Amino acid sequence: MASQMNRLRKPVLSLTVAGLMVAAGCSGGTDKSAGQEKAADTGKSQEPFKITMMNQSIVAEPPRPDDPVIAAIEKYTNTKLEIQWVPGTTYTDKLNATIAAGSLPMVVLLQSRPQTVINAIRSGYFWEIGPYLKDYPNLERSLNKQVLKNVSLDGKLYSIFRSRALVGDGVIFRKDWLDNLGMKAPTNIDELYNTIKAFTLNDPDKNGKNDTIGFAEEMSLRGFNFLLAAFGGGNQWDVKDGKLQSVYYSQAYLDTLNFYRKLYEEKLMNQDFALATRPQNIDNMDKGQYGVRMGDPDQITRHSQLFKSNPKAELEVTSTLNGKNGVRVLMDTGYTGEFVFPKSSVKTEAQLRQILAYFDKISEDAGQNIFEWGLEGVHYTMQNGKPARTQEQQDKYNSEVIQLEQTLQVSDGSRAVEGVIDPYVKKYKDAKNAVANNLVPNPAASYTSDTLNQKSAELNKMINDARVKYIMGQLDEAGWKSAVDSWSKAGGDKVTQELNEQYAKDPNK
């Protein structure tokens, strides 16, 4: 649960309500003329509609103002995008400064929702867009209904989220090692354990040396949620007797910890997991040291160095593991960041509708194609009626388009044309699609907790530290339960109470 909360509760912004009031012109909310303006459609406007935006740059060199892919988006949507790209490491500070200066753009990316932002939303400083969504069918169709509910506040929608896959968990393994050992891909918990053990002890690379480790884990315990689902655990919260209860109290959580503890005691996993980072584990798997990694299935595409050093290596990925309650995968958040629309800069309903029309346009099939494939002749060529890429075009796409796909696109790309794709891309997409109907949602995802907003770092650290100590044998079962009790007293009980108050009133639970 701690790792899940970390994903949901990104670094807290030190915003102030006073700063947001300055940004909103201290008007307290609604422009009187907003509801009287007629809808405007960017597709029918003769002059490009200018949209100012503040967004996060995920690469060292952000896109240029004359970026050809952005130019294609502008032409398709008949807009002029003025985007302020801010590095992720300084985004919070820059957003705070922009708010304090009262110069918010028309579209603002929020990486998280600290209490100050929640207060500002409730005070009317951002447009509520829920009532308008039905008028933009491409946008509405592209946004998952469960995620829309999760990002709502008090039952109202104020943002357009950037979609991400709902399946964020899976297991990646060396298929060539399985073949060498005469084994089949694991389909349940016992088979997964046996695979990890064989990868450690049975010389899977057939080099005559005892130099492999079955399972690679990192400090965040990236594979924990995948195993927790297999052991029957809930998604952060269980529902018991009509109330929410933290999964920390569940037998499934303890069973998952015991599985890790067994792997650690038997030296079937890297003994430095508490300090290991994801890049280090990827690198060690590329060097042929590790046989199994867990995490997002698309991580399978990040092992190009493995194939360069060992052309005979082969990876496989699955999110299908038959556990205590069958095949179950904890549903990921389904989004990363969300766009909100300040009333200080989007002054009328007509302007809001033009912005929503832009997002609707890029959510069309052809709009999604721009993000998924880039520019013809540059990032792909047509082969037998389907887009396809050479390695050079793939490299150009990776350096020029992926950053835009991850920062500007709000759909999940599922309506883009299917082209000739890399076999490993197909593998992870197939793995996600195979469990699309076996997802376990977080029953409290759409609720907010003031206590959690204030104490998430402290509470998560308590659990993370206790998990590591338990796995390493420094805590016994009584010690783990004591750590959970300490979490409860430090604020966990208050978080549970606040969420249950909302759960009890939710007619859609």
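The values are calculated or read from the model by the stated rules, or taken from the named source; none is laboratory data. Please read these numbers as outputs of a predicted model, since none were measured by experiment. Note: ideal-geometry Cβ built from the backbone for every residue, glycine included; neighbour counts use all protein chains shown. Heavy atoms of the whole protein, side chains included, go into the accessibility calculation; ligands, DNA and RNA do not. Shrake-Rupley method; radii C 1.70, N 1.55, O 1.52, S 1.80 Å.
I'd like to verify a number: residues in region 301-331 that are open to solvent by 30 Å² or more (accessible area, probe 1.4 Å) and part of a loop (DSSP other than H, G, I, E, B), how many?
8
Only one of LEU157, LEU153, LEU81 is open to solvent by less than 30 Å² (accessible area, probe 1.4 Å), within 22 Å of the chain's Cα centre (by Cα) and modelled with pLDDT of 95 or more. Can you tell me which?
LEU157
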Practice task
Could you tell me whether region 122-145 includes any residue that is closer than 21 Å to GLN454 by Cα, assigned to a helix (DSSP H, G or I) and open to solvent by less than 40 Å² (accessible area, probe 1.4 Å)?
Solution key: no
Handout entry: Set ASN284, ASN270: member being out of contact with any Ser or Thr (no Cβ under 9 Å at 6 or more places or on another chain) and surrounded by fewer than 19 Cβ atoms within 10 Å (Cβ to Cβ)
Key = ASN284
Handout entry: Tally of residues being in contact (Cβ under 8 Å) with a residue 40 or more places away in the chain, farther than 15 Å from GLN245 by Cα and open to solvent by less than 70 Å² (accessible area, probe 1.4 Å) across region 460-505
Key = 10
Practice task
Working only within region 298-318, note down all residues that are modelled with pLDDT of 95 or more and either under 20 Å from the mean Cα position of the chain (by Cα) or β-branched (Val, Ile, Thr) (or both).
Solution key: VAL317, THR318
Exercise for the section: Scan region 290-297 and give yes if some residue there is open to solvent by 70 Å² or more (accessible area, probe 1.4 Å), modelled with pLDDT of 95 or more and more than 18 Å from the chain's Cα centre (by Cα), otherwise no. Expected result: no
Exercise for the section: Report yes if some residue within region 442-458 is farther than 23 Å from LEU143 by Cα, assigned to a helix (DSSP H, G or I) and in contact with a Ser or Thr (Cβ under 6 Å, 6 or more places away or on another chain); otherwise report no. Expected result: no
Exercise for the section: Please verify whether region 433-443 includes one or more residues that are over 25 Å from ASN150 (Cβ atoms) and open to solvent by 70 Å² or more (accessible area, probe 1.4 Å). Expected result: no
